[in-house]
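Just so it is clear, none of the values below were taken in a lab; they were calculated from the coordinates. None of the values given here were measured: they were computed from a predicted structure. Methodologically, a virtual Cβ is constructed for each residue, glycine included, from the backbone with ideal geometry; neighbour enumeration extends over all protein chains shown.
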Amino acid sequence: MHNKTLSELSQALHLREFSSVELTHYFLDRIKRLDTHFNSFITITPDIALAQALAADERLQSGDATPLTGIPMAHKDIFCTQGIKTSCGSKMLDNFIAPYNATVVENCLAAGMVMLGKTNMDEFAMGSSNETSYYGPVKNPWDTKTVPGGSSGGSAAAVAARLTPIATGTDTGGSIRQPAAFCGLTGLKPTYGLVSRYGMIAFASSLDQGGPIGHSAEDVALLLNAMAGFDSRDSTSLNHPKEDYTTHLNNSLAGLKIGLPKEYFSEGLYPEVNKVLDAARDQLEEVGATLHEIHLPHTHLAVPIYYIIAPAECSSNLSRYDGVRFGHRCDNPQDLIDLYKRSRAEGFGAEVKRRIMIGTYALSAGYYDAYYLKAQKIRRLIRDDFVAAFKQVDVILGPTTPTTAFKIGEKVNDPITMYLSDIYTISGNLAGLPAISIPAGFVNQRPVGLQLIGNYLNEARLLNIAHQYQRCTDWHRQSPPGVG
Ligand code: GLN
């Protein structure tokens with residue numbers, strides 16, 4: 001049951017081979033039995049899940065079901081869920097019960113999906129390994145001594161361990177794609193503005209974007225159908241007509257021009273990872289694509305400017321946690337300043353504090369022009385590199401990450417090395433482009449991700465390429481040892 005695709009589950013539900021209640025019980029039971037090994041959930045919501053499953057079964061009976069009705073899923077704990085703890089992986093929000101649903105949560109509910117629970121994540125989505133979570137690190141089901149990636153590591157581990165068929169994530173600098181790569185999954189970061197940010201707790205608002213993490217391009221396309229759509233409550237939401245992302249999955253790749261950025265296949269990329277990507281490139285050529293070398297000359301500036309822009313926005317966004325309105329409040333404050341200081345000192349972890357300090361510094365009078373403004377100008381150059389590249393090619397192929405999953409504890413005390421694991425993903429966020437990571441093989445039994453970056457709103461094309469690749473490979477069907 002846990003190895004079925006979303007379409008297979010949907011078909012079985014529509015044919016009444018099993019009910020949504022049965023399916024939900026099945027996955028809740030797996031979570032209960034297995035998640036002690038992975039720590040991928042912060043909150044499990046069995047009562048809510050079973051009530052939603054019952055409603056889904058009624059909908060299936062009455063004939064007004066969608067292809068997603070009755071299918072269990074999990075939300076990253078960054079999405080507000082009404083009446084349910086929404087922690088964002090932080091002690092600051094450990095006591096926070098969201099009073100409303102994020103639009104993404106509403107959209108999944110409207111499609112009739114069943115929420116199993118909320119997944120673990122790096123604190124406020126700041127991290128690449130899930131080690132900054134207040135709720136402890138998540139373990140990678142492929143090798144529990146290694147990290148699942150971050151910040152959507154709980155969602156990725158839960159899908160990889162078959163504790164849920166699919167999950168939501170968010171990606172500010174790589175947080176959907178990098179954990180998807182480390183856990184052998186398919187993860188899509190949509191074009192900025194395609195998925196509503198309403199009720200998605202803000203880290204860096206000009207970069208944050210929600211998206212699906214699943215096994216295959218087809219599964220991811222189905223969940224994107226529910227997640228995407230204009231939302232008047234998000235001022236940066238794109239007023240783009242609804243698309244069905246499954247329509248073009250079977251299109252031929254004949255004539256597809258794939259760009260290979262010289263800057264992505266250079267120093268820093270592990271040779272074994274490169275070897276895996278070589279094989280994938282051959283495979284895509286066999287199904288009709290042509291390969292072209294391209295240049296993205298400002299790539300080396302992406303990580304440095306991301307670590308100005310993202311902390312700057314985070315320092316502003318996180319100023320709302322002041323111990324007054326919601327979240328953690330210190331005991332017995334002496335005065336207002338003491339309340340602010342101690343609530344924030346106690347509520348935030350080390351990585352979040354580091355970012356708030358960097359961001360506050362970069363935005364301060366006297367430094368704003370030298371850091372923030374300069375970073376914004378370089379951001380434009382990075383975007384222009386892509387605009388020029390998409391005049392020559394249809395899609396860009398590269399690694400998702402320079403290495404496979406690293407050991408828990410290996411990089412946690414060395415922030416710069418940790419930051420470099422997002423070197424190939426961050427540019428996509430700075431430019432606002434859609435990008436997908438798909439499983440392309442293994443190095444020492446650890447999954448390797450291949451990244452495809454598309455032009456604005458080319459999600460359907462990315463999913464089409466990923467699907468065609470998955471028709472001739474079975475990397476996405478492999479499951480970690482011991483999970484069945
Ligand atoms: N790892 C990056 C960071 O720490 C990206 C995180 C994300 O995409 N949310 O900021």
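In this structure, does D244 turn out to be more than 16 Å from the ligand (Cβ to nearest atom), among the charged types (D, E, K, R) and either in contact (Cβ under 8 Å) with a residue 12 or more places away in the chain or surrounded by fewer than 16 Cβ atoms within 10 Å (Cβ to Cβ) (or both)? Answer is yes for this residue.
Take the residues of segment 328-350 that are in contact (Cβ under 8 Å) with a residue 60 or more places away in the chain and surrounded by fewer than 16 Cβ atoms within 10 Å (Cβ to Cβ): which is nearest to V412 (Cα to Cα)? Applying the filter and picking the extreme gives A350. Being in contact with a His (Cβ under 6 Å, 6 or more places away or on another chain), under 30 Å from A226 (Cα atoms) and assigned to a loop (DSSP other than H, G, I, E, B) is a description that does not apply to L253. Of all the criteria given as (1) surrounded by 20 or more Cβ atoms within 10 Å (Cβ to Cβ); (2) over 21 Å from the mean Cα position of the chain (by Cα); (3) hydrophobic (A, V, I, L, M, F, W, C); (4) within 24 Å of V195 (Cβ to Cβ), the one not satisfied by V387 is (1).
Restricting segment 193-241 to residues that are acidic (D, E) and more than 21 Å from I438 (Cβ to Cβ), the residue that is nearest to the ligand (Cβ to nearest atom) is D208.
Can you confirm whether segment 178-192 contains a residue that is more than 16 Å from the ligand (Cβ to nearest atom), surrounded by 24 or more Cβ atoms within 10 Å (Cβ to Cβ) and among the polar types (S, T, N, Q)?
Initial filter on segment 178-192 (more than 16 Å from the ligand (Cβ to nearest atom)): 184, 186.
Narrowing further to those that are surrounded by 24 or more Cβ atoms within 10 Å (Cβ to Cβ): 184, 186.
Still in the list and also among the polar types (S, T, N, Q): 186.
Within segment 178-192, one or more residues are more than 16 Å from the ligand (Cβ to nearest atom), surrounded by 24 or more Cβ atoms within 10 Å (Cβ to Cβ) and among the polar types (S, T, N, Q).
State yes or no: is D64 part of a loop (DSSP other than H, G, I, E, B) and of a type outside the set (S, T, Y)? Considered against the rule, which asks whether it is part of a loop (DSSP other than H, G, I, E, B) and of a type outside the set (S, T, Y), D64 comes out as yes.
Can you name the residue in segment 428-484 that is aromatic (F, W, Y) and surrounded by fewer than 19 Cβ atoms within 10 Å (Cβ to Cβ) and, of all such residues, is nearest to R281 (Cα to Cα)? So the residue we want is F442. If only residues of segment 148-182 that are touching a strand residue (DSSP E or B) at 6+ places or on another chain (Cβ under 6 Å) and β-branched (V, I, T) are counted, the one that is farthest from G117 (Cα to Cα) is I176. Taking each residue of segment 149-176 that is at positive phi and of a type in the set (V, I, T) and looking for partners that are within 16 Å of the ligand (Cβ to nearest atom) and assigned to a loop (DSSP other than H, G, I, E, B) with beta-carbon atoms closer than 7 Å, six or more apart or interchain, yields nothing. For residues in segment 14-53 being among the small types (G, A, S) and either part of a loop (DSSP other than H, G, I, E, B) or within 24 Å of the chain's Cα centre (by Cα) (or both), which is farthest from G112 (Cα to Cα)? Among them, the one singled out is S40.
If you go through segment 258-273 and keep only what is surrounded by 15 or more Cβ atoms within 10 Å (Cβ to Cβ) and outside any loop (DSSP other than H, G, I, E, B), you end up with I258, G259, L260, P261, E263, Y264, E272, V273.
Mind checking whether some residue in segment 391-408 is free of Cβ contacts under 8 Å to residues at least 24 places away in the same chain, of a type in the set (G, A, S), away from the ligand (no atom under 12 Å from the Cβ) and assigned to a loop (DSSP other than H, G, I, E, B)? Talk me through it step by step, then tell me what you get.
Applying the first criterion (free of Cβ contacts under 8 Å to residues at least 24 places away in the same chain) to segment 391-408 yields 391.
Remaining after also requiring of a type in the set (G, A, S): none.
For segment 391-408, residues free of Cβ contacts under 8 Å to residues at least 24 places away in the same chain, of a type in the set (G, A, S), away from the ligand (no atom under 12 Å from the Cβ) and assigned to a loop (DSSP other than H, G, I, E, B): absent.
Can you pull out the residues in segment 302-344 that are of a type in the set (K, R) and either in a loop (DSSP other than H, G, I, E, B) or in contact with an Asp or Glu (Cβ under 6 Å, 6 or more places away or on another chain) (or both)?
Going through segment 302-344, the residues of a type in the set (K, R) turn out to be 320, 325, 329, 341-342, 344.
Within segment 302-344, R325, R329 qualify.
Which of the residues spanning segment 94-152 are among the acidic types (D, E), under 14 Å from I201 (Cα atoms) and not in a loop (DSSP other than H, G, I, E, B)? Across segment 94-152, the qualifying residue is only E123. D171 meets all of the listed conditions (1) within 16 Å of M227 (Cα to Cα); (2) among the acidic types (D, E); (3) more than 9 Å from the ligand (Cβ to nearest atom) but one, namely (3).
Is at least one residue of segment 249-268 closer than 30 Å to V105 by Cα and either of a type in the set (G, A, S) or touching a strand residue (DSSP E or B) at 6+ places or on another chain (Cβ under 9 Å) (or both)? Step through it out loud before you land on a result.
Of segment 249-268, the ones closer than 30 Å to V105 by Cα are 249-250.
If we keep only those that are either of a type in the set (G, A, S) or touching a strand residue (DSSP E or B) at 6+ places or on another chain (Cβ under 9 Å) (or both) too, we end up with none.
Checked against the condition, which is being closer than 30 Å to V105 by Cα and either of a type in the set (G, A, S) or touching a strand residue (DSSP E or B) at 6+ places or on another chain (Cβ under 9 Å) (or both), segment 249-268 yields no hits at all.
Which one is nearest to R461 (Cα to Cα), of the residues in segment 196-217 that are among the aliphatic types (A, V, I, L, M) and more than 12 Å from the chain's Cα centre (by Cα)? Spell out the reasoning first.
Taking segment 196-217 first, the residues among the aliphatic types (A, V, I, L, M) are 200-202, 204, 207, 213, 217.
In the following step, the residues that additionally are more than 12 Å from the chain's Cα centre (by Cα) were identified as 200-202, 204, 207, 217.
Working: M200: 26, I201: 29, A202: 29, A204: 27, L207: 22, A217: 11 Å.
That would be A217.
For R355, the test of being among the charged types (D, E, K, R) and within 15 Å of the ligand (Cβ to nearest atom) is passed.
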